[in-house]
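Here's the structure we're looking at; comments come further down.
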Amino acid sequence: MFVMYKGGCVFAPQDDRYLFLDMNSFFARCEQQVNPALRNKPVVVAPYTGTTGCCIAVSYEAKTLGVKTGMGVGEARALIPNLTVVESRPELYRHVHHQLVAIINDFTPYVSVRSVDEMTFPLASYEQGGDRPFALAHMIKSALKQKLGEWLTASVGIGPNVFMAKQAAEARKPDGCVCIRCADIPAWLRRWQLTDLKGINTCMERQLIRLGITQPIQLYTTNQEILRKKLGVAGEYWWLRLHGYPIDSAQSPTKTIGHSCVLSPDARRWDVATQVLHKLVQRVGERLRAGGFTSSALHLYIRFLHSPSFRLHMRTRPFSDSRALWRYTSHMWERAPRIHTPFMIAITACDLHGEQMHQLPLFANDRKETNLYHALDSVNARFGQWTLKPASLIGTERHAPSRIPFGNRQL
């Protein structure tokens, strides 16, 4: 059955429509799984182990002592003097991720990867109702324990839509399994605060409070048309989402592709920062081509140490090759003030279009360059990133090591 709304039409709510799997403290648990000496100890994973690094993953032993994801390493060490800080190993996490996807593919052909540690899939009719979703969740957890290891646990959520299934997975961590059915939604909403809902940050919370919405249950009980008048189309989406309508099933289109890097203390020089930027540009180019995109705009961001930030936006001709990307980026980079110390740099490709929408190169030399970069990508995909690379990147291995962007599905 379909229900019409101003954005289109959507299926009516139905219990147990989706299962959402969320790996627990994924990067930290990967490290504890492969290194038994780290088990039952407070551990954080950081891009680098210096005090100015950032905790990108926190073990549950560290969380119970007050360390949070995003906290500075120095602050975390002040809370836990015996804290173990592990430098991130993206290749390990990608390897485990691919094993995880293979395991879930044994249960369903419809898995949708949301990030390196999250995925969801729709349940078949014979998997819905009663204890059947819990039985499926138990089988998945058993397979993970058997094939990945006992420290790589997951929280499972079951709900009428992807949003509610994700909320259910968040409700009991670690290693939990929660099912939220349509009749249960009001009770759960009364337990939560606004910022407990995925997608509502403190800024949006303040906006909602100004509109007289102070609790999640009000988004549920307020008339749909009133919410639309107050919040625009977002208000209608929230009403549908909280009533169990599956409006979040489709993956949103990619709008930008970017990479950033917080420079380690020994890399906060303009010559080294230029090499790091070149490395980031190569990654953006690889992802553009892997996604079948061309870009027509670039945004450069530089955060300085103890000085105002620098931003520059540029419109360009459509491109996907790394050579053109570096040429445009260099032009913006040269305009940055050199009197400050660079702390963080980011390059983002915007205004993306499918390559099929881009006019094919007219001249043979242009086609050769496009084919060359696709060939380089194929070699690196088979034999490992940076197997083939520009000569200017030789010696930059310890600067801007590979990272896994959260929410990135190209792993």
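The values are calculated or read from the model by the stated rules, or taken from the named source; none is laboratory data. The structure displayed is predicted, hence computed values, not measured ones. Positions of Cβ are generated from backbone atoms using ideal geometry, with glycine treated the same way; all protein chains shown enter the neighbour counts.
Computed values, structure above
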| quantity | calculated |
| --- | --- |
| Residue ID - surrounded by the fewest Cβ atoms within 10 Å (Cβ to Cβ), chosen from residues in segment 247-291 that are modelled with pLDDT of 90 or more, more than 17 Å from the chain's Cα centre (by Cα) and part of a loop (DSSP other than H, G, I, E, B) | 269 |
| Residue list for segment 74-89, restricted to those being in contact (Cβ under 8 Å) with a residue 40 or more places away in the chain and surrounded by 16 or more Cβ atoms within 10 Å (Cβ to Cβ) | 83, 84, 85, 86, 88, 89 |
| Among the candidates 59, 25, 112, residue that is surrounded by 20 or more Cβ atoms within 10 Å (Cβ to Cβ), touching a residue at least 40 places away in the same chain (Cβ under 8 Å) and within 23 Å of residue 175 (Cα to Cα) | 25 |
| Hits in segment 28-43 - residues which are more than 30 Å from residue 161 (Cα to Cα), of a type outside the set (A, V, I, L, M, F, W, C) and either free of Cβ contacts under 8 Å to residues at least 60 places away in the same chain or not in a loop (DSSP other than H, G, I, E, B) (or both) | 31, 32, 33, 35, 36, 40, 41, 42 |
| Tally, over segment 193-228, of residues that are surrounded by 12 or more Cβ atoms within 10 Å (Cβ to Cβ), charged (D, E, K, R) and more than 27 Å from residue 169 (Cα to Cα) | 2 |
| Enumeration of residues in segment 319-336 that are of a type in the set (Phe, Trp, Tyr), within 22 Å of residue 374 (Cα to Cα) and in a helix (DSSP H, G or I) | 326, 328 |
| Which listed residue is modelled with pLDDT of 70 or more and either closer than 24 Å to residue 87 by Cα or not assigned by TED's automatic domain parsing to the domain that holds residue 348 (or both), from 380, 371 | 380 |
| Segment 125-159: number of residues that are crowded, with 17+ Cβ neighbours inside 10 Å and of a type in the set (Lys, Arg) | 1 |
| Cβ-Cβ under 7 Å pairs, at least 6 apart or on other chains, segment 158-182 side without any contact (Cβ under 8 Å) to a residue 60 or more places away in the chain and closer than 12 Å to residue 21 by Cα, far side among the charged types (D, E, K, R) and not in a helix (DSSP H, G or I) | 167/198; 178/172 |
| Single match in 264, 260, 309, 295 (criterion: without any contact (Cβ under 8 Å) to a residue 40 or more places away in the chain and among the polar types (S, T, N, Q)) | 309 |
| Unmet requirement for residue 298, which otherwise passes all of (1) in a strand (DSSP E or B); (2) surrounded by 21 or more Cβ atoms within 10 Å (Cβ to Cβ); (3) under 20 Å from the mean Cα position of the chain (by Cα) | (3) |
